[in-house]
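This report refers to the structure that appears directly beneath it.
The values are calculated or read from the model by the stated rules, or taken from the named source; none is laboratory data. Computed from a prediction, not measured in an experiment: that's the story for all the values here. In this analysis, Cβ positions are derived from the backbone assuming ideal geometry, glycine residues included, and neighbour counts consider all displayed protein chains. Remember, those area values only see protein heavy atoms, side chains included, never the ligands or the DNA or RNA. Shrake-Rupley method; radii C 1.70, N 1.55, O 1.52, S 1.80 Å.
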Amino acid sequence: MIEVIALDGVSGAGKSSTAKLLAEELGFCHLDSGAMYRMLTYQALQKGLRSDQHAELGEVAESLRFSFGENHEMWANGKPLPSAIRGSEVSAHVSEYCKPREVREALARQQRELGLSRPSVAEGRDMATVVFPDARWKFYMTARPEVRAQRRVQELRAAGHPAEYDEILRNLQERDDKDSRRELSPLRKAEGAVEIDTSDLTLEGQISIIADLVRKGL
């Protein structure tokens, strides 16, 4: 087994916030795979690429160089990730732009390299099923769609981005459907993963549950 805590689950279940703070508490690096796919989508949109230009999207994925910064956070090409990757435009396109095999294979390679380089909290949708099937700790996070949509609205508005609840809820439900139905690396709970429903949990409660299980070695 490798020293990776794999957090999978639906969008808006609290994976990113939990993973970031959990990594800080345990002294691990935070491997944010979703941010990697968002960065790819952001770059592709900036270049005017379409989601069906698989070869070109693969080239963009290969050109990105992810690393851990001084505070164990994700960087891309030697710089902190831009806040724009969390915006509504990227959110609306990330599933389709990151569906091609060329993209997923290129970024999965970097995810494995990063996870093997330092003890990490890796979060995404296929961390425990595809990227780190031998992870020592596996968790699957979920929550009711309405709760997830409200959380995302608050997150975006706090970051200065416009956000409408109905649009966000529809986007989350569409992403859930696309991610669970895609042929390559579909969203699913890994065998042996501990499921955590965060609908009625505080962020501190989520971190406490996972940290306690990790410290006990499951």
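For the stretch 22-39, give me the residue count where each residue is closer than 21 Å to Arg65 by Cα, at pLDDT 90 or above and either touching a helix residue (DSSP H, G or I) at 6+ places or on another chain (Cβ under 7 Å) or open to solvent by less than 20 Å² (accessible area, probe 1.4 Å) (or both). Lay out the reasoning, then the answer.
So in the stretch 22-39, the residues closer than 21 Å to Arg65 by Cα come out as 28-39.
Then keep just the ones that are at pLDDT 90 or above; that gives 28-33, 35-39.
Filter again for either touching a helix residue (DSSP H, G or I) at 6+ places or on another chain (Cβ under 7 Å) or open to solvent by less than 20 Å² (accessible area, probe 1.4 Å) (or both), leaving 29-33, 35-39.
So the answer is 10.
Looking only at residues that are open to solvent by 10 Å² or more (accessible area, probe 1.4 Å) and of a type in the set (A, V, I, L, M, F, W, C) in the stretch 109-130, which one is farthest from Leu49 (Cα to Cα)? If you could, list the steps in order and put the result at the bottom.
Filtering the stretch 109-130 down to residues open to solvent by 10 Å² or more (accessible area, probe 1.4 Å) leaves 109-110, 112-114, 116-119, 125, 129-130.
Okay, now just the ones that are also of a type in the set (A, V, I, L, M, F, W, C), so 114, 116, 130.
Working: Leu114: 27, Leu116: 32, Val130: 27 Å.
Top of the filtered list is Leu116.
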Residue within the stretch 49-66 that is in contact with a strand residue (DSSP E or B) (Cβ under 9 Å, 6 or more places away or on another chain), open to solvent by less than 40 Å² (accessible area, probe 1.4 Å) and not in a helix (DSSP H, G or I) present: yes
Considering each residue of the stretch 165-218, count those that are assigned to a helix (DSSP H, G or I), under 16 Å from the mean Cα position of the chain (by Cα) and of a type in the set (Ser, Thr, Tyr), and give that number. 1
Considering residues of the stretch 1-44 that are in contact with a Gly (Cβ under 9 Å, 6 or more places away or on another chain) and of a type in the set (Asp, Glu) only, the residue farthest from Pro82 (Cα to Cα): Glu3
Looking only at the stretch 1-16, which residues are closer than 16 Å to Leu203 by Cβ, open to solvent by 10 Å² or more (accessible area, probe 1.4 Å) and touching an Asp or Glu at 6+ places or on another chain (Cβ under 8 Å)? Lys15, Ser16
Taking the stretch 119-138, which residues are in a strand (DSSP E or B), touching a helix residue (DSSP H, G or I) at 6+ places or on another chain (Cβ under 6 Å) and of a type outside the set (Lys, Arg)? Val121, Ala122, Glu123, Gly124, Ala135, Trp137
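I'd like to know if the stretch 17-24 contains one or more residues that are among the charged types (D, E, K, R) and more than 22 Å from Ile168 (Cβ to Cβ). Before you say what the answer is, go through the steps one by one.
The first filter runs over the stretch 17-24 and keeps only residues among the charged types (D, E, K, R), leaving 20, 24.
Going one step further and asking which of them are more than 22 Å from Ile168 (Cβ to Cβ), we end up with 24.
Yes, some residue in the stretch 17-24 is among the charged types (D, E, K, R) and more than 22 Å from Ile168 (Cβ to Cβ).
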Selection from the stretch 1-42 of residues that are part of a helix (DSSP H, G or I), over 17 Å from Val194 (Cβ atoms) and of a type outside the set (A, V, I, L, M, F, W, C): Ser16, Ser17, Lys20, Glu24, Glu25, Ser33, Gly34, Tyr37, Arg38, Thr41, Tyr42
Restricting attention to the stretch 180-198, the residues that are loosely packed, with under 14 Cβ neighbours inside 10 Å and touching a strand residue (DSSP E or B) at 6+ places or on another chain (Cβ under 9 Å) number exactly 3
Among (1) out of contact with any strand residue (DSSP E or B) (no Cβ under 7 Å at 6 or more places or on another chain); (2) at pLDDT below 95; (3) assigned to a helix (DSSP H, G or I), the one test that Leu114 misses: (1)
